[in-house]
Amino acid sequence: MTKKHPRRFLSTRLVRSIALGTLCIIGSFALGIETTKEHLDTALRADVSQADGPVGDVNGDGTVDIKDVILILEFEQGLSTPTTDQRKLADVDHDYRITVQDALRIARAIALR
């Protein structure tokens, strides 16, 4: 009597292909995060004419952090009124409006540090 070997569910070649594909996807994702981080950091460091401090430092404490994000959201919701300098520093995407998008850009840059 001869024993039959059970069929493998996945061949070795298929497993290797899946592993390589997964590695490529993870590598692309990691590269995308680094590229996005560089882009956001550059956007946050851009000079704003006649405004004191770096773009995104809305509260003027010298650092761009979550407090600035909260302040931008307060401006956007009408809970606070920004000064002229705060308007310039809060407009991270330079569209001449203070929006949730400005707060999200700063939050993403903080998360990627």
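Return the residues of the stretch 79-113 that are more than 16 Å from residue 67 (Cα to Cα) and among the hydroxyl-bearing types (Ser, Thr, Tyr); say none if nothing qualifies.
Within the stretch 79-113, 83, 84, 96 qualify.
Among the residues of the stretch 75-92, write down those that are among the acidic types (Asp, Glu) and at pLDDT below 90. So that I can check it myself, show each step before the final result.
Filtering the stretch 75-92 for residues among the acidic types (Asp, Glu) gives 76, 85, 91.
Listed by number, the list holds a single entry, 76.
Out of the residues in the stretch 73-113 that are in contact (Cβ under 8 Å) with a residue 60 or more places away in the chain and part of a helix (DSSP H, G or I), state the one that is surrounded by the fewest Cβ atoms within 10 Å (Cβ to Cβ).
108
The values are calculated or read from the model by the stated rules, or taken from the named source; none is laboratory data. Remember, predicted model here, so these are calculated numbers, not experimental data. Note that we place each Cβ from the backbone using ideal geometry, even for glycine, and neighbour counts take in every protein chain shown.
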